[in-house]
């Protein structure tokens with residue numbers, strides 16, 4: 001899994017540099033802009049630094065082809081999940097259609113990224129991976145709000161991935177950063 005660092009410029013609207021003191025959840029989102037790219041969404045967050053269009057960002061964005069861009073360091077708040085910003089790592093996901101269903105490549109990268117974060121922070125994927133919906137009631141990620149059984153299956157997939165890696169005594173180094 002390759003992660004490309006494209007950190008947002010520090011500013012009050014998308015990268016406030018507020019310390020994230022503890023991580024107890026991973027918040028999964030969808031971009032809500034069908035067919036858009038990870039880099040395009042990252043650039044949208046960057047454009048908010050002028051303060052004219054509100055507050056928004058995420059720690060990571062997973063693209064349609066499974067590419068991952070890191071926008072905010074994990075030890076800082078991202079403006080993505082309202083009151084959960086203080087304790088969650090947020091991951092936005094691109095989707096090809098308005099129904100919000102992720103591509104298989106997006107889902108695979110999201111699985112590996114969530115597994116990596118769960119292992120590093122000692123999180124239980126079945127309890128500690130949440131949807132934006134679970135915090136605010138916003139229909140995000142739309143497909144998994146409309147198909148909660150698929151969200152439950154995704155969390156199990158993350159758990160199974162972690163167990164497979166540990167059982168096979170594989171090296172759990174998923175994060176190869178490219179700047």
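So that you can scan it fast, the table gives a plain yes or no per residue for (1) more than 23 Å from residue 2 (Cβ to Cβ); (2) at pLDDT below 95:
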position	(1), (2)
118	no, no
127	yes, no
137	yes, no
141	no, no
148	yes, no
151	yes, no
158	no, no
172	no, yes
175	no, yes
request  = May I ask you to say which residue of 59, 29, 53 is more than 21 Å from residue 98 (Cα to Cα) and surrounded by 14 or more Cβ atoms within 10 Å (Cβ to Cβ)?
outcome  = 59
remark   = Those residues of the range 6-19 which are in contact with a helix residue (DSSP H, G or I) (Cβ under 7 Å, 6 or more places away or on another chain) and part of a loop (DSSP other than H, G, I, E, B) amount to 6, 8, 9, 13, 14
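Could we say that residue 57 is in contact with a strand residue (DSSP E or B) (Cβ under 8 Å, 6 or more places away or on another chain) and either part of a loop (DSSP other than H, G, I, E, B) or at negative phi (or both) here?
yes
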query = Out of 67, 92, 83, which single residue is surrounded by 24 or more Cβ atoms within 10 Å (Cβ to Cβ), more than 17 Å from residue 125 (Cβ to Cβ) and touching a residue at least 24 places away in the same chain (Cβ under 8 Å)?
reply = 92
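Within the range 33-44, can you find the residues that are surrounded by fewer than 17 Cβ atoms within 10 Å (Cβ to Cβ) and part of a loop (DSSP other than H, G, I, E, B)? Explain how you work it out, then say what you get.
At the first step, the residues of the range 33-44 found to be surrounded by fewer than 17 Cβ atoms within 10 Å (Cβ to Cβ) are 33-35, 39-40, 43.
Residues satisfying the conditions are 33, 34, 35.
With the requirement that a residue be assigned to a helix (DSSP H, G or I) and surrounded by fewer than 18 Cβ atoms within 10 Å (Cβ to Cβ), what does the range 108-133 give you? Write out each step before concluding.
Applying the first criterion (assigned to a helix (DSSP H, G or I)) to the range 108-133 yields 108-121, 125-128, 132-133.
Matches in the range 108-133: 108, 119, 120, 121, 126, 127.
The values are calculated or read from the model by the stated rules, or taken from the named source; none is laboratory data. Since we're looking at a predicted model, the values are computed, not measured. All Cβ positions, even for glycine, are placed from backbone atoms using ideal geometry, and neighbour counts span all protein chains on display.
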